[in-house]
Each structure stands twice: as C-alpha cells, then as structure tokens.
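These notes are about the structure you will find just below.
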C-alpha cells in the first residue's frame, strides 16, 4: 500500500527528467518515459501484492496542507482505486511503448504525458475532495498540448474542443464542490466529513449539488449528449494520447461520479437515477450506431469508446452492488481494450499506411501486409465485442445482470447495445484488415512488406495489453475480490441503497 | 492625536522613507554624473540603487512590525499592511529587474525614481488608516503612474496612454475626494475607526449612498473594473512595458488592500448593505465584459488588459468577502500581480527582439527561447487558474469565502458561480496565447531571443514564486 504514492512521484519526477533529457537526445527522453511509467506500474503491482481488501479507503498518507481551507494532503486507497491505479500503470506503460516513434520534441512530449499520468494517479488516490480536484485539473491542460502539437486531423480544433469540454465539466464540479464545502460549514474537504454533513442538507440543495457534481464529472466520462469532445479529440490525438484519453482519462470522470457524487448524495442519486440511466443508454446506442457508419478508422473506435463508457455510466446509475462492481471492472476492461484498439489504428496501421479512410484501407490486403496488426486487432475486436475469455465479457455481463435488478427495460436496451457493438466491430475488422482481395492487391509491391516491420516496442505494448485483458477475462475474480469489499464501506453502501438505511 | 510619538512615526514611515531617499539619490547621482559617462553605466548605477532602496524598504517594513495603530491611529500597522507592503515592494523589485527595455527610454534614472515614488505611494496606501493620508498616498502613486505611462516620448501611443490614464484618473480622484468630503461631513472625522463608529450609530441616509457611490466609482477606476475600465486596454497597450506591469500588478494590490480596509474598517459592516450591491454589480459586469471582450483581442497587451478586467471582477468579489479576513483577496492580488508582471516581462524580452504586439508575434516562442516559453506558460496558466499554480488557489480561496459568506442564497455565492463559469470562457483565450507560443512554428527569420541576466533571474523568481505559493499557500494565507 505504501508504495502507491510513489506512482505520483515517479510520474512528476519523470516529467521533469524527460524535459531535461529531451534537450540531449530523443532516445534518452524515451527511455526516461519508459522507466518512469514502468516504475509506476511496478509500484502499483507491489502495492497490489500487499493489499488486503476491505471496506473503506485505507489511509496511506495524511498531512495537513492548507489549514485555512481545511484541505489536507490525504492519500488513501481501496480496491476500486487500486484497480484503476493498476490500469493507469498498464495503459501508461503501453502508451510509451506505442509512442516510441515520436521524433519531434520528444522530451516535451513525454514531460506532458507523464504530467497527465501523475494527475491521473493522484485522482485515484485522493481521499480529500480538494486534493482530488487539484489532480483532476492537472490532468486537463497537458491534453491540449499533446493533441495540438503531436496530433493529426483537425488537431487544433479537436484539442481546444476537448479541453474546453473538460474544463467546463470541471467548472461544474468546482461549483458543486465549493457549495457542498460551504454548506457543510467550510471546515474540511475530507470526503467522509462532507458526506456526513451532506445528509443534513435540504433535499432540493442535495439534488442540485448532486447534479453539478455528477454532470461535471460525467462530461469527462462521455455522457450523452456531452460526449462530442471524445470522438474528435481521440481522432486528433497522437496514438499514445488517444490510448490515455480513452483508456484512462475518461475513467477519471466515472471515478469522480462514483467516489464523490454518489456517496455524498445517495438520495439525490435515487432521484436522478432514471435520467442518468436513459442518457447512458442513449449514449450506448447512439454512439454505437454512429460508429457503424463512420468511414474513418479512428472515428469508429472513438465512438465505440463512448458506447462502452455508456455501460460504465449505466452500471453506476443502476446502483446495485453487482452493477457498480461491473462498472469498475468495465472501466479497467475498456481502458485496456480501447488502448489496444487505438494502438492498432493509430500506430500500427496509420503510421504505416498514412490513411485512416476505411475505403483506402479496404483496398490494401492489410492482413497479409501487417499480419501482426491483424491478429492483435481481431483479438482486440473480440474483446471489445464482449466475447467470453476477454475482460469485457464478465464486466458487461455483471453490469447487465446488476441493471436488470434495477430495471429490466434498461438492461434490455443496453443488451441491444452489445449487438450494435458486435456489428460495428465486425464491420471495421472486415473492412480494415480483410478488404477486397482483388487483383490489384495481389500485385501489391513484391507481395512482401512494403511497410516498415512491426518494432519490438509495439509488440511489447500489444502483448502487455492483450495479456491484461485475457487475464482478467479468465480470472475476473482477481479484481472483483478487491472491488466488492470496497463496495461494503458505509459510504458506498449508502449510495447503493439509494439513501435507504 | 494624543500620545503622538515621533519615534513611532519614524518606525511606521521608514519603508516610505527608504523609497523616497532612494528615489532622490537615484536622481541626484544621475544628475551629478559627468556627461561623458556612457548611458549604460548610468543606467546600471541607477538600477542598482533602486533595487537597494526597495530592499531597504522591505527590511524596514518587516522591522515596523504588526502591533496595531501607530502615530495616533493615522497608520495601521497590521498584517494586512505588512503583507501588502511586502507584496508591492516585491512586485516593484520584479518590475525594475524586468523592465529590460530601459535602454529605449532616454532618462532611465528618472524612470526608476518615478517607480520608487509610485511604490512609496503604494506602501503608504497599504498603511493609511485615515482619509486624508489615504488620498495623499493614492495621489502620490497615481501621479507617478501617469508620468510613467507617458514616459516613452518616442512613441505617440505612450503619450496617448499617459493622457488617457491621467484624464480618467483625474476625474476618479475628484469623485473620490468628493466622496471623502461627504463622509467627513456625515461623521465629522477622517479616521477610519471613528467613521465606522459614527456611521453605525446613524440611520442610513441618501447622502451616505451618494458618498459611497463616489468612493466606489474611484475604486472601480483604480481596479479597472467595468464600466470604468475604458482606460485599461489603451494604457496596457501604449505605456512602456515596465509602467504597464506596475499599473497592472503593484497598483492593483495596493488598491485592493486599501479599499478592503476603507470599506470594512472605515465604513464598516453595519452599513454594508448600502455598498455591497454596488460592488456586486461592478464585479459581475467586470467578470462578464472582461472575459467576453478578451475573446476578440488580437493584441497581446490588450488581451492582458481585458483579462485584467475580468480578474478585477474576482478581486472585487474578494473585497466583498474580506470582512472576516482579507487573507484570500490579498493572496489573490499578490499572485495575480506576480503572473502579470511575469507576462509583461516576457513581452519586454520579446519587444527587445522585434515586434511583439500581436498574438501571432509569439509564434514559435518555444524555439526562440524555451526558457521564456516555459515561464510564459506558468504565468498564463496561473492567470487561467490551473492548479497547482497560485492563480488557482487564489480563485479557490476567494470563491470558498464567497460561498461561506452566505451560501448560494447570498449575492456573493451567485457571483462565485458566475466567476467559475466565466473561468471556463477565459481558458480559451489563454490557450490561444499558449498555442502560438508552443504549437505554432516560428516565423521565417525569427531569431533566438537574448534575455539579460537580471531579467532572466526575475522571470525565474516570478515563476518559482507562483509555484511555491500555489503549493504552499499557507505562506500568505497563514499570515492573516
């Protein structure tokens, strides 16, 4: 457990070192990035081996920080945090491996990348609302530069849209948080203290505060109809940033909903529940259907992310123990799978073909030219469809069963979303890698490898992500044994029972 | 004035004494220097002397202590005075070190002497606890600033800036004096505590409202709050960069501290209902106008001016809730000043290297000078309110106070929500600046930028201070 704060420290220290290393050589900056993310992953794994699951957040570090505001530097973790810290470690390491080919301003790239990662770790480990918010905002600005400097298609627009949506969301959170803080007496930002005070607020205030906090966080989780930043941002971003954005940053929003909004206002959750659930379902179906007709490889995956995050939000809204547990599992699962999909589309395919138009890809016999990419993408596609054996299966199954208990109608609509996901995934697999094997394709230059061979960092990154999704697909209990006890804590129990004692 | 002690006066006024003496010495030595002496050497001597005077003043400020009223209540030596004086002296130090393009100005020594005089006015504003002294302090500062704004005789824009600032400032000073005279008429006293006592004892009158509106108009001008902001864009654009930096930073801090004291200690909470609504209107107008108008700017300095107007809205909100403790608004003003001085320092370095008025002139700054670009990012992100930089915590502390003062039912709570919403608008134009600096490629022929060592040090100090105050805000907040 005590190893967890090192994840934050390694990332921020790595950011400074990478900046300095970048002035010497790109290769050095890359190595700094890899070492820093690996060190973070190692710290997370070390903490995981020594973790005893239990209800409530286990304090790791608790120091006074700003007594005038009652803010403390309070780091703590439970099974939910640990799951997401582990995901961050995996996704961050894979992201570095898939950005091995960044040659321009490499030092700055990894400095921004690691700053973002440090902020993400911080959010997952904060037990103080102020500290959580500080880390949450630290994670916003690097995204702009990562996309605007190293991105592709329409990058400045995509970057600005994404950052303004994120910042508008965090403005809602800031307003809600300050309001709760002031109404609770303005003495403390500790989540436990705020929750204790929040129960006594007038009902209408609770509804509004929950609305601000939940919607603010949910913008970052891609809640329909505030999801439009996600596809444009993901498409414009460089591969590693897409992987992080879809894989980890969207989880920040869902985590904020689960950790801050829901436990503080269980009664308001019950009131808002139908609205959130239907928006989540709308997101699942709408984004899935849009993904079905895209002609840009990355847009398909961008919309699929929104669709999959809809399951997370639905699981949270259903607020039964099984659904919420499934939602956390889905956060992990989608983080890994989205990373994999973006890695294939952005790094393995686009960096070689220089086109993402499905029509153009269809004309290339990619399964022969890039067999490694084809294998990885088929596996990732299966995982994304929720095939048994991959992590998406237990996660979505748990969400559906848990949601059924809350409302069978919601579960039915969401199940239709799984069909849509299967449809758009199969379509994109078919078109991108197994296009028309025409005469033109047969006469492709030398029929050998017109593309640069797949490099070792790409293979290592793909193996890391595939192994993670397979492991959790086969042994979901590894994570569920951490997550379920965490749901037994008094704060979570209040949320899961909708405020009923 | 019983118990007047000249020893006490000496102690209370020593910071201003150091500054005034320093200014006179700067002038005298420059006058006495033989004409054969190269201009650079004279500039160097004057700068060194000015820095020494500021350092001595800071030392005298700390030595003056915080043991309450001094010299029969004319001065208030409390924590607000201490922090504000140190703040304006620090900001003036940075301004002197950063005004790298002094070489463009014919009479560097006079320029520096004026900065010292203005700073003496600022420190006196922070300490004054009486209407007459306050007005004198304000005028000492303002007159110096008018001249500073118009100091660059080679550029007509500078003359325009000086004239506009002078006209607006003169009118607002007249308003303030009129307001003060009405206050004196209502209460028969010029001492803040006595005025508060008298006002609390009498029923609210129309005359009081008139007096307060007059005073607040002057405050609105001083803080560049809408709708009295019209001078700000022209002055920020035309004035020599050091003058603009001083007007935007130290002058703001001194004004905020002085008006917080005047409104809460001098006029008092019992009649707050008469002046809080006026301040609320000014704050709301500034927040909206500043942020929205900034979106349309293409000139860096004008953009900073509109950003300053929006920050003035937040500062007014801070003054509205400074009754319990002025800690958060002073923290806000100090850290805002640091970021603004820094941003003007970057502009100064750019101006020395070529044109730097349009936002596009920042293009490729990361290539031309990574150090400058990095510092600019810290200043701008602090202005935008991104943690862990000090600008974030300033906003957070002020908004927290605003909501603690009355929840959402109070006007301050709604203003805090407005300010938070407008902050999201603000990020857009701040990012436009950073986009040019970090994303755009340098223009053809844009050379590397040389930064003088003193300016480099000052830029670094400002950036580090923003981070340190942001991570450890207790350094300022804990002083109250």
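We did not get these values from a lab; they are worked out from the coordinates using the rules stated. Since the structure is predicted, the reported quantities are computational estimates derived from the model, not experimental observations. Quick reminder, even Gly has a Cβ in these numbers, built from the backbone with ideal geometry, and neighbours come from all protein chains shown.
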>> Nearest 500 deg cm²/dmol is fine: what mean residue ellipticity at 222 nm does chain A get from its DSSP H runs of n ≥ 4 alone, each adding -39,500 (n - 2.57), divided by its residue count?
In response: -23500 deg cm²/dmol
> Where does each of A:60, A:348 land when they are ranked from fewest to most other beta-carbon atoms within 10 angstrom?
Replying inline: A:60, A:348
> Per residue of B:361-370, what is the mean number of Cβ atoms on other protein chains within 10 angstrom of that residue's Cβ?
Replying inline: 1
>> On C-alpha positions alone, give me the angle between the axis of helix A:456-474 and the longest principal axis of chain A, in degrees, nearest 10.
In response: 50 degrees
>> At 7 Å along Cα-to-Cβ for each site, give me the label-to-label distance between residue B:299 and residue A:16 in nm.
In response: 4.0 nm
>> Given axes a ≥ b ≥ c from the Cα gyration tensor, I'd like to know whether segment A:84-167 is rounded (a/c under 1.5), prolate (a/b larger than b/c) or oblate.
In response: oblate
>> Taking the number of other C-beta atoms within 10 Å as the exposure measure, put A:73, B:18 in order starting with the fewest.
In response: A:73, B:18
> So how do B:10, A:229 line up by other beta-carbon neighbours within 10 Å, fewest first?
Replying inline: B:10, A:229
> What angle do you read, to the nearest 10 degrees and between 0 and 90, between the alpha-carbon axis of helix A:408-433 and the longest principal axis of chain A?
Replying inline: 20 degrees
> How far is the Cα center of segment A:169-218 from the Cα center of segment B:65-80, in Å?
Replying inline: 40 Å
> Pairing the Cα long axis of helix A:129-138 with the longest principal axis of chain A, what angle in degrees results, from 0 to 90 and rounded to the nearest 10?
Replying inline: 20 degrees
> From the square roots a ≥ b ≥ c of the eigenvalues of the alpha-carbon gyration tensor of segment A:234-317, which class results: rounded (a/c under 1.5), prolate (a/b over b/c), or oblate?
Replying inline: oblate
> Rounded to the nearest 500, what is chain B's calculated 222 nm mean residue ellipticity when only DSSP H runs of at least 4 contribute -39500 (n - 2.57) each, over all residues?
Replying inline: -24500 deg cm²/dmol
> For the residue pair residue A:359 and residue B:66, what label-to-label distance in nm results when each label sits 7 Å from Cα along the Cα-to-beta-carbon direction?
Replying inline: 7.1 nm
> Roughly how crowded by other chains is peptide B:395-408, in terms of the mean Cβ count from those chains within 10 Å of each of its Cβ atoms?
Replying inline: 5
> Counting partner chain Cβ atoms within 10 Å of every residue's Cβ in A:130-138, what's the average?
Replying inline: 3
>> As an exercise, take the mean of 1/r over every pair of distinct alpha carbons in segment A:331-400, invert it, and state the Kirkwood radius in angstroms.
In response: 12.9 Å
> So, in Å, what gap is there between the alpha-carbon centers of segment A:334-357 and segment A:246-294?
Replying inline: 25 Å
>> Quick check: the distance between the Cα centres of segment A:57-79 and segment B:278-298, to the nearest angstrom?
In response: 37 Å
> Rounded, prolate or oblate: which fits segment B:6-477 when a ≥ b ≥ c are the square roots of the eigenvalues of the alpha-carbon gyration tensor, with rounded for a/c under 1.5 and prolate only if a/b beats b/c?
Replying inline: oblate
